[in-house]
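In what follows, a single structure is set out as structure tokens and then discussed.
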Amino acid sequence: MFRKVLVANRGEIAVRVIRACHELGAAAVAVYSDADARALHVREADEAVHIGASPSAESYLRAERIIDAARRTGAEAIHPGYGFLSEREVFARAVRDAGLVFIGPPAEAIAATGTKTAARKLAIDARVPVVPGTTEPLRDATQARDIAREFGFPILLKAAAGGGGRGMRVVRAESELSAALDAARREASGAFGDDAVYVEKYLEGPRHVEVQVLADTHGTLLSLGERECSVQRRHQKMIEEAPSVAVTSELRRAMGDAAVRFAAAAGYVNAGTCEFLLDRDGRFYFLEMNTRIQVEHPVTELVTGIDLVQWQLRVAAGERLPFKQEDIAPRGWAIECRITSEDPSGGFLPSTGRVRYLHAPSGPGVRWDGGIEAGSEVGLFYDAMLAKLIVWAPTRTEAIERMRRALLELTVDGLETSRGFHLRVMEDPEFRRGEIDIQWLERRLQSLVSVEPPDALVRDAAIIGALIADRERSRSRPNDAAAVAAARSSAATAERRSDDAWRRAGRLEGLR
Ligand code: MV4
């Protein structure tokens, strides 16, 4: 195993990787920007190197500074986490050229899967189903029209260099085609510096199901089952689960085999994910491969019992995977909620400020992968995800109830968070029946945010808590966090009871 690993990331994933390093007896080097000088990942690491100003373009995206930090601290390997430099072929190659180990796939595998048209060709050659469409970029609107007539509307124009939904246009009629092609080209060229666009048949209301793969350098390549990621808004996943209600054991085997065939064709090593769309008839279509550890990896860890980040490190150090495909089957159910600093009742606008008080849920089957602590400053430089709350239980219904319980335990003071939104999803009848697809959340959002926020009471209590704290401070300088906590705890108890407005008002009066 490595003696020292540099973690080229921040927030919860940096903390997650540092934990894996420590469990494997490796020291962890953090890197940080100005804004992150006091961040949790810096405090949890064994050493830390300042790499620049707060904007990520001046810090976490500076490959040369990160490689330099690894050299100077004597780290042997670099874990890129997700986002930032994690899927940059050039970075993976530069790390290798510096005599260091990139904890991820070979640069060649990132390149082979990087553009959608190349990935579709690989998939077709590996007999992995793809959505009907082209594998070559379009020449012009005339060619687009001919292809659209062949497949039938609606079609989807996609940027060949694309990812995460940018450079995509749905076209429902021939009259819209040429304007849509121009728009897709413009967006693709702006976002990726490449205006190549190709065509797929547009699938309505599929699920987004992805398959985790894990490969060593000795030829073992395994599928670790699927994650259901349909609950998303504007290409941002909000809730993920494993397994998927829509996947039978036969379908799991078929999708797993397809993912493994694709990864093998790409020369894949380390942890990766094949994304699929799954239609109502149980047909699946390969979309793209993500060549990084993903945000939602914990749900797979909880149902397989395999520590993916530890195995990323061990495989990168040359170890053999000791598992056999036959031994891998999901056990129980896991759900993850992404706790973000966004205000669901305010159109998910980002919220900023200092975390005044934090109480992370715990107890049976609960995991908190957090990147914040009380005192953390949350600004606008980076992603709004503060932490992930993940639960495991024997069945999906029990996992939903456990998540609801854990969300009720959660307190983040000083910021708006997505907590209330997640509580309402856990209580939503359609979600509870598993009737979700990639359009579900957008369809349901109105009714999810227009019900009276269960947080209303908690918010009132926060104000009261602050009042109590102020009064106490002026008297005898006691711990204001404790006063807020007391008010919060009464409020949370009240929230758990089914109550009418009058009784709630009574309790508030009592608190006051
Ligand atoms: C699609 C699709 C429907 N039909 N392709 C969006 C991001 C990119 N990875 C692929 N995406 C989609 N491709 C065809 N032929 C619908 C989406 C899509 C989507 C996919 C996964 C998760 C969320 C999504 C949200 C909107 C659209």
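Check which residues have an amide H placed less than 5 Å from VAL213's amide H, if you skip close sequence neighbours.
LEU224, GLY272, THR273, CYS274
Quick one: Karplus J couplings for segment 165-174, per residue in order, coefficients 6.51, -1.76, 1.60, θ = phi - 60°, nearest Hz, x for Gly and Pro?
x, 7, x, 10, 9, 7, 10, 9, 8, 4
For segment 141-286, with all protein chains present and a 1.4 Å probe, just round the carbon and sulfur fraction of the accessible area to a whole percent.
For segment 141-286, the apolar C and S fraction of the accessible surface comes to 46 percent.
If one takes the longest principal axis of the Cα atoms in the chain, at what angle in degrees, from 0 to 90 and to the nearest 10, does the Cα axis of helix 249-265 lie?
The answer is roughly 60 degrees.
How large is the Kirkwood hydrodynamic radius of segment 184-259, in angstrom, based on all distinct alpha carbon pairs?
15.1 Å
Given q = 0.12, 0.21, 0.25, 0.26 Å⁻¹, what are the Debye log10 I(q)/I(0) values for segment 370-436, with equal point scatterers placed on the Cα positions and solvent ignored?
Debye curve over Cα of segment 370-436, log10 I(q)/I(0) at q = 0.12, 0.21, 0.25, 0.26 Å⁻¹: -0.38, -0.94, -1.16, -1.21.
At 1.4 Å probe size, with every protein chain present, just tell me what the per residue accessible area of segment 252-411 comes to in Å².
38 Å²
I want the local charge near ILE335. Using Cβ-Cβ distances under 9 Å, sum +1 for each Lys or Arg and -1 for each Asp or Glu among the other residues.
-1
Between the helical axis of 440-450 and the dominant principal axis of the chain, each derived from Cα atoms, what acute angle in degrees is found, rounded to the nearest 10?
With both axes taken from Cα atoms, the answer is about 20 degrees.
Take segment 1-144, drop everything but the C-alpha atoms, weight them equally and run the Debye formula without solvent; then report log10 I(q)/I(0) at 0.20, 0.21 Å⁻¹ to two decimals.
Here the Debye-derived log intensity ratios amount to -1.09, -1.17.
Computing the accessible area with a 1.4 Å probe over protein heavy atoms, can you report the carbon and sulfur percentage for segment 12-74?
43 percent
Just in segment 176-245: which trypsin sites (Lys or Arg not before Pro) are loop by DSSP and have at most 14 other Cβ atoms within 10 Å?
ARG234
Loop only by DSSP, 14 or fewer other Cβ within 10 Å of the Cβ. Give me the trypsin sites (Lys or Arg not before Pro) in segment 380-448 that pass, ordered by residue number.
Sparse-neighbourhood loop trypsin sites (Lys or Arg not before Pro): ARG433.
When the helix-only estimate is applied to the chain (DSSP H runs of n ≥ 4, each -39,500 (n - 2.57), divided by the residue count), what is the mean residue ellipticity at 222 nm, nearest 500 deg cm²/dmol?
Estimated from H runs of four or more residues: -12000 deg cm²/dmol.
Determine the principal axes of the Cα atoms in segment 104-171, then give the extent along each, sorted from largest to smallest and rounded to whole angstroms.
Principal-axis extents of the Cα atoms in segment 104-171, largest first: 40, 26, 19 Å.
Which values of log₁₀ I(q)/I(0), to two decimal places, follow from the Debye formula for the chain at q = 0.08, 0.13, 0.14 Å⁻¹ with a uniform point scatterer at every Cα?
Once normalised to I(0) and log-transformed, intensities are -0.54, -1.36, -1.51.
Tally Lys/Arg at +1 and Asp/Glu at -1 over every other residue whose Cβ is under 13 Å from the Cβ of ILE67; what's the total?
+3
In a shell of Cβ-Cβ distance under 13 Å around PHE381, excluding PHE381 itself, what net charge do Lys and Arg (+1) and Asp and Glu (-1) give?
-4
With everything on Cα atoms, drop me the angle between helix 396-409 and the longest principal axis of the chain, reported from 0 to 90° to the nearest 10.
With both axes taken from Cα atoms, the answer is about 40 degrees.
Of all the C-alpha pairs in segment 294-432, what % are more than 21 Å from each other?
Taking all Cα-Cα pairs of segment 294-432, the fraction more than 21 Å apart is 49 percent.
When ligands, DNA and RNA are left out and all protein chains stay put, how many square angstrom of accessible area per residue does segment 16-168 have with a 1.4 Å probe?
Accessible area per residue: 42 Å².
Restricting attention to the alpha-carbon atoms of segment 132-247, what are Rg (one decimal) and Dmax (integer), both in Å?
Considering segment 132-247 through its Cα atoms, Rg and Dmax are 17.0, 53 Å.
The values are calculated or read from the model by the stated rules, or taken from the named source; none is laboratory data. Note that this is a predicted model, so its numbers are computed, not measured. Backbone-built Cβ (ideal geometry, glycine too); neighbour counts: all protein chains shown. For accessibility, only protein heavy atoms count, side chains too; no ligands or nucleic acids. Shrake-Rupley method; radii C 1.70, N 1.55, O 1.52, S 1.80 Å.
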